[in-house]
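The values are calculated or read from the model by the stated rules, or taken from the named source; none is laboratory data. Remember, it's a predicted structure, so these values are computed and weren't measured experimentally. Positions of Cβ are backbone-derived with ideal geometry, glycine not excepted, and every protein chain shown enters the neighbour counts.
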Amino acid sequence: TTSRTPGSTSPASVMTSAITETGSTPKVTTSASPLTSIKTTPVFTMTSGTIETTSTGTFSGPTVPFSTSASFTTHSETTSVESTSSLVTSFPVSATTSGTTPTESFTTTSGTTTTSSTATPVTTTTSSEIVSLVSTSTSGPTTVSSTGDSWWPCNCTEAKCVEDNIFVLIPVICNPPPKPSCTNGLAPVPVLDKDGCCWHWECDCYCTGWGDPHYITFDGQYYSYQGNCTYVLVEEINKSVDNFGIYIDNYHCNAQDAVSCPRTLIVRHETQEVRIATVRPNSFKVEVTVNKQAVALPYKKFGLTVYESGINHVVEIPELKVNVTYNGLSFSIRMPYSSFGNNTQGQCGTCTNNTADDCMLPNGNIAENCETMADHWQVVDPSKPQCSPGLIPTKGPSTTTGQPCKESSICQLLLGSVFEKCHKLVYPEKYYAACVFDSCTLPQLDLECSSLQIYAATCADQGVCIDWRSHTNGVCSYKCPAYKEYRACGPIKEMTCKSSPEQQNQNETKAVEGCFCPNGTMLYDSGVDVCVKTCGCVGLDNKPREYGEKFTVDCKDCICLEGGNGIVCEAHKCAEQNKTSCDGEGLYKVTEVNSEDPCCPIITCKCNTSLCTTKPPKCKLGFEVYSHIPSGQCCPVYQCGKSFGNILQQLPNSSVFVDKCQNCFCTNEVNITTQLNVISCEHVPCDTYCEPGYERQPVKGECCGKCVQTKCVIHTQQSSVLILSPGEFKNDPYNNCTVYSCVNIHNQLISSTSEITCPAFNEETCKPGTVTLLPNGCCKTCKYVSELMLPFLLVNRYSAEANSLEHSCSCCREAKTSVRAVELKCPTGHSITHKYVYVESCSCQETEWPTARVTDKDAGRKWN
């Protein structure tokens, strides 16, 4: 609805004059009603040459500001310009209305001449005249308009020619239109008129779908539909956009094929087809492809944009003002009524602000209900050969058969205080019905959460944000990555280090739920999911860097710089290495990874004795061949010498090879018996330390042996360490009721922890001062000192009233036993069978007590 009222100014008479004046003082008056600025463009006729002229003229306040492309001055009767060129432009103006005009200054130029004029305030009440722009040459004037012509010299003011050179200025005055009611229950939106002056209300085309699945059409019609084919959600009736359409691919999401869920949302626009597909059923994880090719987000090409907004993936076509969201569980479509009103068809219905025609079939007829209508909007999908247009309508499951279903308590939240502040803007009844349907049909999938989610999203679209997931006891929780936090009311487009100043200054009134960077941090870029404290650089390793920071990545030395591409890299420089020579026989070079700098491998020498060419010599009679490998070499060195046992006769002070674990040399000391020099040997140095519980034991082929565990090492709860030998038991130093043990099973040490369970004990049954611990140091008992003359019997109960001891007792023993067998798994992997006696029941056997005479020991009495 648009309301306009013409301005109150009287018709303006317009005349021209060839009079040339300079330095004049014009008089201009206007009415008290303000007019907006006016722009005019004159037409010039010249005998020769080309002259470009410009002029500026601006009134402010309650006057009529305007500008022309010719220079002018204002006068109470005429306005003219004196120019040194052959071009003379006359612009007589006489604007007379009630009221006064404040003094204003004008500066005008024409060619090379500049003139100034001032407006003197006068008061008249006759008529209003504005002179048309006329360009004259030496041959005479030429007018620019004819009767009936009109133009908009400025926004919201129309200049209309009523007769020769007489124009009427008609300012447009906008009155706020009445606010209409939208059948979809949502608030109307203000839309600017085509002329850019006034605005009117419109009901946007807004369609949603969720769950298994439920739909609310553009005009607010609610229905559920269980088809598992691909369907038209929106197409134009009269095609105005090339290849435009929105489609949904549904699939059966339970074992009985009774209900369906959305799987893929498809948006087509001109040469592009965007598919947002659910990766895992009943989840928010989706993947985006354009023309069957995976793309990274944000994606922008050929007038179409795809980006992430909270939990949603959004497809926008800015030229059409179309916004489509999908998150794997629900979708929404928003289109302007001004572009698509009365021109949509499909499962989202007709956008006419009238529910009567929402269930329209492809042939234009109206179906009995929208469930029947929905089946007729199938499209050919090669991946679903079982689907084809014209099949019998799909019948949805019923939740009313059998025993009544008790809806989930989650659904009650829609009608309760959690969403109360949105109830007046968006009625919750349809969403509640869908929630009950989902909770009864698929109770194991928690699909009722999607009803709450789409209702909360619709509320957020209407400007009411609700944090509802925290009220579901974890049933509808949303998990974010460790580096982000969940917000129910986050920005639709999160600010990043790359956001423009205009984007950063925008105050977005709507909100969306999702995962966002924590307070104090900011998303680096919309395509780089990294939260940073300072806006530096982020490379392919997704690690934030500060300006000036140097780092190595992919064997390149890089630095983060402000400006340009941010990160500048060059080849990694390795530290100089000592040249390794592997010239010895049998040696060859090997390149190994450097643990200190993986980008700079190190070169070492390895030995391959098969490459040795030196053969053992033939020794003289009485001598044998001995060999050893000098340090730093690969091939053995052979020598001939006399052998005394394992000793080779050599010269004094020379080294003698006995074995690799001893350093030996020939001394000057002579053995009297053998008359040979004595060989002195020292064992190669060894590290003798072993960790507690370990002992160093000899190992064949090694000089120093190795540390072998010989005892169990047990770490207690109080962080103390116990060392137990196999077969040893020890109480916990801080808790006698905990016993640790160590056993050796097939050369494998196994430690165990046992807890002593004490029998029931009541200290009140003990005499004062007689409570003591049993030998195990854990359990308590009563300590009595008594003398018994009876063999094998110990009396520990005495009756003061009867002044006698108990004369009978009972003994608890097994009454029924059986032999059982169990299979024991050994650490080595094999099993053994073990038999044991199992006590199935116990009983007490009475024992006769001989007559006893009791004497209180403290009183000097004894008993036998």
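Please go through the stretch 281-296 and give me each residue that is free of Cβ contacts under 8 Å to residues at least 12 places away in the same chain and part of a loop (DSSP other than H, G, I, E, B), ordered by number.
V295
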* Structure fact -> Quick count over the stretch 703-722, residues being hydroxyl-bearing (S, T, Y) and loosely packed, with under 14 Cβ neighbours inside 10 Å, is 2
* Asked: Just a yes or no: is a residue in the stretch 537-552 under 30 Å from A457 (Cα atoms), among the hydrophobic types (A, V, I, L, M, F, W, C), under 21 Å from the mean Cα position of the chain (by Cα) and not assigned by TED's automatic domain parsing to the domain that holds Y326?
  -> no
* the stretch 367-387 residues that are in contact (Cβ under 8 Å) with a residue 24 or more places away in the chain, paired with ones that are of a type in the set (A, V, I, L, M, F, W, C) and not in a loop (DSSP other than H, G, I, E, B) (beta carbon under 7 Å, 6 or more apart) -> M373/M360; W377/V232; V379/V232
* Which one is surrounded by the fewest Cβ atoms within 10 Å (Cβ to Cβ), of the residues in the stretch 329-357 that are in a loop (DSSP other than H, G, I, E, B) and either small (G, A, S) or at positive phi (or both)? -> N342
* Look at the stretch 525-574 and say how many of its residues are under 20 Å from S500 (Cβ atoms), surrounded by 16 or more Cβ atoms within 10 Å (Cβ to Cβ) and touching an Asp or Glu at 6+ places or on another chain (Cβ under 7 Å). => 1
* Asked: Can you pull out the residues in the stretch 564-597 that are of a type in the set (A, V, I, L, M), over 20 Å from D541 (Cβ atoms) and part of a strand (DSSP E or B)?
  -> L587, V590
* Restricting the search to the stretch 755-782, which residues are in contact (Cβ under 8 Å) with a residue 24 or more places away in the chain and of a type in the set (S, T, Y)? -> none
* Asked: If we keep just the residues of the stretch 423-457 that are β-branched (V, I, T) and in contact with a helix residue (DSSP H, G or I) (Cβ under 8 Å, 6 or more places away or on another chain), which is nearest to C203 (Cα to Cα)?
  -> V426
* Structure fact -> Those residues of the stretch 155-192 which are without any contact (Cβ under 8 Å) to a residue 24 or more places away in the chain, part of a loop (DSSP other than H, G, I, E, B) and crowded, with 16+ Cβ neighbours inside 10 Å amount to P188
* Asked: Out of (1) without any contact (Cβ under 8 Å) to a residue 60 or more places away in the chain; (2) more than 27 Å from the chain's Cα centre (by Cα), what's the single condition that is false for E235?
  -> (1)
* Asked: With the stretch 614-686 as the region, which strands (runs of 3 or more DSSP E) entirely inside it contain at least 1 residues that are at pLDDT below 85, over 28 Å from K706 (Cα atoms) and out of contact with any Phe, Trp or Tyr (no Cβ under 9 Å at 6 or more places or on another chain)?
  -> 624-628, 662-670, 677-683
* To do: May I ask you to list the residues in the stretch 596-617 that are out of contact with any strand residue (DSSP E or B) (no Cβ under 6 Å at 6 or more places or on another chain) and within 21 Å of A571 (Cβ to Cβ)?
  => E596, D597, P598, C599, C600
* Asked: How many residues does the stretch 307-328 contain that are aliphatic (A, V, I, L, M), surrounded by 23 or more Cβ atoms within 10 Å (Cβ to Cβ) and either within 29 Å of C253 (Cα to Cα) or in contact with a Gly (Cβ under 9 Å, 6 or more places away or on another chain) (or both)?
  -> 2
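Take E273 and tell me if it is over 23 Å from N238 (Cα atoms), part of a strand (DSSP E or B) and without any contact (Cβ under 8 Å) to a residue 60 or more places away in the chain.
On the way: over 23 Å from N238 (Cα atoms): no; part of a strand (DSSP E or B): yes; without any contact (Cβ under 8 Å) to a residue 60 or more places away in the chain: yes.
For E273, the condition - over 23 Å from N238 (Cα atoms), part of a strand (DSSP E or B) and without any contact (Cβ under 8 Å) to a residue 60 or more places away in the chain - is not met.
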* Structure fact -> Scanning the stretch 358-375 for residues that are closer than 20 Å to T183 by Cα and surrounded by fewer than 16 Cβ atoms within 10 Å (Cβ to Cβ) gives I366, E368, N369
* Asked: Restricting attention to the stretch 193-214, which residues are assigned to a loop (DSSP other than H, G, I, E, B) and either under 27 Å from S330 (Cα atoms) or free of Cβ contacts under 8 Å to residues at least 40 places away in the same chain (or both)?
  -> K194, C203, D204, G211, D212, P213
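G303: touching a residue at least 24 places away in the same chain (Cβ under 8 Å), in contact with an Asp or Glu (Cβ under 6 Å, 6 or more places away or on another chain), within 17 Å of P491 (Cα to Cα) and assigned by TED's automatic domain parsing to the domain that holds C207, yes or no?
no
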* Structure fact -> Flagged pairs (Cβ under 8 angstrom, 6 or more apart or on separate chains; first in the stretch 820-831, within 15 Å of Q748 (Cβ to Cβ); second assigned to a loop (DSSP other than H, G, I, E, B) and of a type outside the set (V, I, T)) are C826/H746; P827/H746; T828/H746
* Asked: What residue, of C182, C207, is touching a Phe, Trp or Tyr at 6+ places or on another chain (Cβ under 6 Å) and either in the same structural domain as P336 (by TED's automatic domain parsing) or farther than 30 Å from S283 by Cβ (or both)?
  -> C207
* To do: Restricting attention to strands (runs of 3 or more DSSP E) lying wholly within the stretch 723-767, give those where 3 or more residues are out of contact with any Phe, Trp or Tyr (no Cβ under 9 Å at 6 or more places or on another chain) and either surrounded by 11 or more Cβ atoms within 10 Å (Cβ to Cβ) or at pLDDT 85 or above (or both).
  => 735-745, 748-755
* Identify the residue in the stretch 458-497 that is touching a helix residue (DSSP H, G or I) at 6+ places or on another chain (Cβ under 7 Å) and hydroxyl-bearing (S, T, Y) and, among all such residues, is nearest to D525 (Cα to Cα). => Y478
